[in-house]
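A short worksheet on the structure shown next.
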Amino acid sequence: MRRLTALTEIWCVDFEYHAPGGEPPRPICVCGVEFWSRRQLRLWLWDGAPAEPPFDITSTTALCAYAAQAEASCFFELGWQLPPYVIDAFAEFRVHTNGLRLPGTNGLLDAIEHYGIPHPTNQERKDQMRDLCIKGGPFSEEQAKEIMDYCMEDAVGLANLLAALEADVKRGSNARP
């Protein structure tokens, strides 16, 4: 976290995927927000994926994800190269909150709420979208739009969370929004 300024691009990325019975994930879509510029990307993957990630991989690119092993597994399934740096916002959040009794489960929505960051998704909607993805495709056009919108909401929330975590590091703060 201390060297974010050395990175030219930090892609805050969220995948939605289908992984029945412990099988490897089948990516449904990926959405991302580039941390510095706030550029956004949306890519539907259920019907096929490009051979390369939808952003440049350079020596100064980082991937930010919440519980990054899930996003990394989607990169591996797609045959995409991971950026040289991966920031796991879950791990960073736990660094700031370890030992504290917090409400919730330490999920993305809990971390976002901890910092008072506005987020359009509630747990009920998150559960509905997760259930839809678990069910798998084919997906209607309306379902695809819902999944992509939900995925983008989490990517935007993740970028906002990274900004809050970076501010905590600069302040030397421990769990104080």
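Bear in mind that the values in this text are calculations on the coordinates, not laboratory data. Remember, predicted model here, so these are calculated numbers, not experimental data. Neighbour counts are summed over all protein chains in view; Cβ atoms, including those assigned to glycine, are modelled from backbone coordinates with ideal geometry.
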Subject >> Net charge contributed by nearby residues that have their C-beta within less than 9 Å of Met152 (K/R +1, D/E -1) >> reply: -3
Original post:
What does a probe at Asp149 reach in region 112-136, counting residues whose amide N is under 17 Å from the point 7 Å along Cα→Cβ?
Top reply: 119-133
Original post:
If you count, for each residue, the other Cβ atoms within 10 Å and average over each peptide, how do 37-49, 108-120 line up from highest to lowest?
Top reply: 108-120, 37-49
Original post:
Across region 116-132, in residue order, what do the Karplus-derived ³J(HN,Hα) couplings come to in whole Hz, using 6.51 cos²θ - 1.76 cosθ + 1.60 with θ = phi - 60° and x for Gly and Pro?
Top reply: x, 7, x, 8, x, 8, 10, 4, 4, 5, 4, 5, 4, 5, 4, 4, 4
Original post:
Given only helices, namely DSSP H runs of n ≥ 4 each adding -39500 (n - 2.57), what is the per-residue ellipticity at 222 nm of the chain, to the nearest 500 deg cm²/dmol?
Top reply: -13000 deg cm²/dmol
**OP:** Would you mind checking the radius of gyration and Dmax of the chain based on alpha-carbon positions, in Å?
**Re:** 15.9, 48
Original post:
So how far apart, in nm, are the two label points at Ser140 and Asn98 if each is 7 Å from Cα heading toward Cβ?
Top reply: 4.7
